[in-house]
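Just below is one structure, and these are the notes that go with it.
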Amino acid sequence: MERIGVMTSGGDAPGMNACLKTIVEMSYNLGYECIAFHRAYQGLLENDYTVITKKDVAQIFNLGGSMIYSARSKDFYDEKYQELGAENAKKLKLKALIIIGGNGSYLGAKALSDLGVNVIAIPATIDNDVHSTQEAIGFDSAVNNATNMIDNIKQTMQANQRISIIECMGRYGGNIALYSAMASQADIVAVPEDPLDKKHIFRFIKDQIAYGNNSPTVVVAEKQYDVYTLAKEIEGELNHECRAVILGYMQRGGNPTVRDRMLALRFGVSAVECVKKGILNVALGVNNDKLIATPLEKAVEMSSNFRDDLYQSFKALNNPRNKRRG
Ligand code: F6P
């Protein structure tokens, strides 16, 4: 029986399990044995894998996390280990290895493909920073999680007339911050794609207060500021209470949304169909809700998919300097 390999790689994303289950079931339907590598590339290096069956995955469709573990393998950045990984994959006579992960995982996939292993990459990352797709598995769930938490924070801040600085995940991208800021009606968003210096933030908050908003909400993407220090500086500068909150892993955990489950299912079906049709060494994606397959070497080189159009709408609505008094 021919074999397909599968792994979930990088930071986990809600919907990885749904995609895994779909791949296992589709493998069965199309006559492949399915092998799951534990801890992604590290499992490939250590021959840590199991044959995975429909029974194993029966209950996981709606669960966050990853049943087969997700990981970032430091070793796999090293060419020596990439060669070992390729060798191990070849020994297992995999028809293809399906890699469910984000852009770091895509680089590993590309390295394997260059070494003669057939791969298919499926985008799954809460950051939504895989450039060959408009949407990755997990992003919608993370944005919903972040939005619900910001809604809650806004209520208590309103009651206490406090400014809030809320940090979202996103690695080097601002998509989670932007979408959740828009959906929760935050007042200011700071994303790495348009760095705001602290003076701008102070000025924007001052303007909000001047227009009668006693509890401005500032959503910031991670890695830009130390938000606890920023909150203290804002208090000093504006003489108004301010609290910082880091949403952290609460965004990444939890069951996937309907949107992510659907995306995961569609990618899973398509990946195994691609193997059957011999469409290999591609990265799957969506473009205007249509499934697409981009050659892997092109996918790893594409530029950012930050939604600048949404960012401009946010700014047009929220920059107090755009508003007329009275
Ligand atoms: O890539 C997903 C992500 O959650 C990023 O948003 C964040 O920067 C990073 O992973 C956190 O990684 P770790 O789980 O290693 O702390």
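For this structure, a couple of remarks:
- Number of the exception - residue 80 against (1) out of contact with any Cys (no Cβ under 6 Å at 6 or more places or on another chain); (2) within 19 Å of residue 264 (Cβ to Cβ): (2)
- Check on residue 68, within 16 Å of the ligand (Cβ to nearest atom) and among the β-branched types (Val, Ile, Thr): no
- Those residues of the range 190-217 which are in contact (Cβ under 8 Å) with a residue 60 or more places away in the chain, more than 16 Å from the ligand (Cβ to nearest atom) and within 20 Å of residue 129 (Cβ to Cβ), in sequence order: 194
- Looking only at the range 218-228, and only at residues there that are of a type outside the set (Asp, Glu) and open to solvent by less than 60 Å² (accessible area, probe 1.4 Å), the one that is farthest from the ligand (Cβ to nearest atom): 218
- All positions within the range 13-70 that are assigned to a helix (DSSP H, G or I), hydroxyl-bearing (Ser, Thr, Tyr) and under 23 Å from residue 277 (Cβ atoms): 22, 27, 28
- Within the range 234-257, if we keep just the residues that are within 16 Å of the ligand (Cβ to nearest atom) and within 14 Å of the chain's Cα centre (by Cα), the residue that is most open to solvent (accessible area, probe 1.4 Å) turns out to be 249.
- Taken together, 149, 182, 157 contain a single residue that is in a helix (DSSP H, G or I), within 16 Å of the ligand (Cβ to nearest atom) and of a type in the set (A, V, I, L, M), which is 149.
- Residue under evaluation residue 25, criteria (1) within 28 Å of residue 258 (Cα to Cα); (2) surrounded by 21 or more Cβ atoms within 10 Å (Cβ to Cβ), criterion not met: (2)
- Members of the range 165-174 that are within 10 Å of the ligand (Cβ to nearest atom) and not in a strand (DSSP E or B): 169, 170, 171, 172, 173
- Strands (runs of 3 or more DSSP E) (entirely within the range 235-326) containing at least 2 residues that are among the small types (Gly, Ala, Ser): 282-287
- Residue 96 in contact (Cβ under 8 Å) with a residue 12 or more places away in the chain, part of a helix (DSSP H, G or I) and hydrophobic (A, V, I, L, M, F, W, C): no
To keep it simple, each residue is scored yes or no on (1) open to solvent by less than 20 Å² (accessible area, probe 1.4 Å); (2) at pLDDT 95 or above; (3) under 18 Å from the mean Cα position of the chain (by Cα).
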| residue | (1), (2), (3) |
| --- | --- |
| 165 | yes, yes, no |
| 232 | no, yes, no |
| 259 | no, yes, yes |
| 269 | no, yes, no |
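- When residue 202 is tested against the conditions (1) assigned to a helix (DSSP H, G or I); (2) under 17 Å from the mean Cα position of the chain (by Cα); (3) of a type in the set (A, V, I, L, M, F, W, C), the lone failure is (2).
- Every pair of residues 6+ apart whose Cβ atoms lie under 9 Å, when the first sits in the range 117-128 and is in contact (Cβ under 8 Å) with a residue 60 or more places away in the chain and on the phi > 0 side of the Ramachandran plot while the second is within 15 Å of the ligand (Cβ to nearest atom) and among the hydroxyl-bearing types (Ser, Thr, Tyr): 128/179
The values are calculated or read from the model by the stated rules, or taken from the named source; none is laboratory data. As the structure is a prediction and not an experimental result, all values here were calculated from the model. With ideal geometry, Cβ positions are generated from the backbone for all residues, glycine too; neighbour counts draw on all protein chains shown. Please note that ligands, DNA and RNA were not included when accessible areas were found on the heavy atoms of the full protein model with its side chains. Shrake-Rupley method; radii C 1.70, N 1.55, O 1.52, S 1.80 Å.
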